[in-house]
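Every read-out reported here was derived from the displayed coordinates using simple, explicitly stated rules and does not represent laboratory data. Bear in mind the structure is a predicted one, so any value in this text is a computation, not a measurement. Positions of Cβ are generated from backbone atoms using ideal geometry, with glycine treated the same way; all protein chains shown enter the neighbour counts.
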Amino acid sequence: TTTTTTTTTTAKQASESTNPAETGDTQLYIRQQKQQQLQLAGGGAAPSPEASSSSSPPSTNSEDAASSERPSLMKIGKEVMEKDGIPGFFVGGVQRALYYAPMTGVFFGLYESLDRALYPMLLPALTNPVMYNLQPEVANIVEGVERNIVDLSIQAIAAAEALAK
């Protein structure tokens with residue numbers, strides 16, 4: 001009898017409670033938490049918990065779909081231009097530059113120091129035609145063609161300069 005009374009009392013308390021965490025309805029609780037977060041983030045009014053707990057599917061009204069779409073880049077640009085003008089596009093630029101400056105400095109410093117340290121070791125491998133999976137005979141042919149193209153270009157420039165005089 002004691003167990004039955006306790007179970008009845010607990011069920012009665014759960015049905016009277018309005019907090020979903022106390023009633024064990026975790027999905028309702030999660031929905032309410034998400035609505036509160038959206039309300040805090042967006043500043044808009046969130047729907048009531050009763051509306052969110054209904055089992056009806058979300059409406060597919062075209063007005064609802066249009067209002068929930070993300071604005072286009074052009075629309076955002078026009079709004080910024082109308083509100084703040086050209087300087088509106090640069091709001092926060094100094095803060096963003098100060099945020100990324102140390103990271104960029106470390107990146108370029110590390111790149112340059114590794115480049116200077118590793119380049120002498122990698123130079124023979126970079127100039128070796130086998131590095132490009134070419135047979136030495138093919139590499140010599142390609143190198144000869146490249147050399148001829150450069151020589152002909154230099155001769156063409158020299159001829160154009162001679163004609164211009």
Assuming R0 = 30 Å, can you tell me the calculated FRET efficiency for the pair Thr104 and Glu69, based on Cβ-Cβ distance, to the nearest 0.05? 0.25
Report ³J(HN,Hα) in whole Hz for each residue of region 157-165, in order, from the Karplus equation J = 6.51 cos²θ - 1.76 cosθ + 1.60 where θ = phi - 60°; Gly and Pro get x. 5, 5, 5, 5, 5, 5, 6, 6, 7
Can you compute the label reach from Phe89? Point 7 Å from Cα along the Cβ direction, backbone N cut-off under 14 Å, restricted to region 68-82. 73-82
Label-to-label distance, nm, for residues given as Ala164 and Arg31 (7 Å Cα→Cβ offset): 7.7
